[in-house]
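Worksheet: the structure to be examined is printed underneath.
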Amino acid sequence: MESAVILLAMVGVAVGRIPYLRMNRATIALAGAAALIALGTLTPEAAFGALDLDTLVLIFAMMIINVNLKLSGFFDLVGRRIMRVASTPRLLLALVILSSGVFSALFLNDTVVLMFTPLVASLTVALKRDPIPYMMGLATAANIGSMATIIGNPQNMLIGASSGIGFLSFTARLAVPSALGLAAAWLILVLIYRREFTEKTAFNAAAEQALFYRALLVKSLVAVVLLLGLTVAGVRVSVAALCSSALLLV
């Protein structure tokens, strides 16, 4: 029975859903863990002991920061400013990849994809471009860019918390591979979608004026600067993120 529960949970997490059930990966994992405790395979103490609180605190703190940046209009503001610079299809793709990669390194990559997808989609449709290569660039760059820092994605957070590697040491080793990966992503997409990127005619990629809440935007950016400053100073990443996010809860 225990093996069946584990197998079902792993398949559900891998696929993302279980047929006929309204569950996502998080609820599948939680239900599977609860089932193993109920069956006696795991004791509550063993289950709770398997939780990495350092990683959970870091993810929780980053979510607070990301939500405040979203509510302040930060992602929409930056996205629209970046899009105004684009003048050719190749430059537009480069800016999408660069912005997605850099912001994914500083914030959770999932957040960057969720915030930038509507903007990239609406812009490419308005310019009568094929949205697929730009969406591909956004998604691939988010994954590639997020590997550059401990706070870029949950996997890196877990590695950082378990290994004790410092923020700067981690980034020093992975920043160059991440940058090369972003360049490779741009080149591969340009080669694959040649019809989209052979056109060199300039176009106007001006976007609508972004709406933002100045007070919350300033407060959120102060929290981000505090987070980066504390981590560079050698403060434990989870503690730095917790203190920075606490500022946004005041």
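The values are calculated or read from the model by the stated rules, or taken from the named source; none is laboratory data. Just so it is clear, the model here is predicted, and its values are computed rather than measured. Methodologically, a virtual Cβ is constructed for each residue, glycine included, from the backbone with ideal geometry; neighbour enumeration extends over all protein chains shown. Heads up: the accessible areas ignore ligands, DNA and RNA and are worked out on the full protein's heavy atoms, side chains in. Shrake-Rupley method; radii C 1.70, N 1.55, O 1.52, S 1.80 Å.
At-a-glance table
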| quantity | calculated |
| --- | --- |
| Gain upon complete extension [Arg214, Lys128; 0.36 nm per residue less C-alpha separation] | 27.7 nm |
| Solvent-accessible area, 1.4 Å probe, carbon plus sulfur percent, for the chain | 71 |
| Phi-based couplings in Hz for the stretch 52-68 (Karplus 6.51, -1.76, 1.60; Gly and Pro marked x) | 9, 5, 4, 5, 5, 5, 5, 4, 4, 5, 5, 4, 4, 5, 5, 5, 5 |
| Over the stretch 40-115, relative contact order from alpha-carbon pairs under 8 Å, at least 6 apart, % | 28 |
| Among Phe170, Phe48, Phe212, residue whose mean-square fluctuation peaks in a GNM of the chain (springs only between Cα atoms under 10 Å) | Phe48 |
| Max mean-square fluctuation residue, GNM over the chain, Cα-Cα springs under 10 Å, options Gly137, Gly166, Gly40 | Gly40 |
| Residues Leu71 and Ala50, FRET efficiency given R0 of 45 Å [Cβ-Cβ distance, rounded to 0.05] | 0.85 |
| Spin-label pair Val11/Ala29, simplified geometry with 7 Å Cα→Cβ offset, distance in nm | 2.0 |
| Relative contact order %, the stretch 87-215, counting alpha carbon pairs below 8 Å whose residues are six or more apart | 33 |
| Three-way shape label, the stretch 1-70, alpha-carbon gyration tensor, a/c 1.5 | oblate |
| Nearest 10 degrees, 0 to 90: helix 154-163 Cα axis against the chain principal axis | 60 |
| Per-pair calculated FRET efficiency, R0 = 25 Å: Ala184 and Thr88 via Cβ, rounded to 0.05 | 0.80 |
| Length added when fully stretched, Leu228-Val176, from 0.36 nm per residue minus Cα-Cα | 16.8 nm |
| Å² of accessible area per residue within the chain, as computed with a 1.4 Å probe and no ligands counted | 55 |
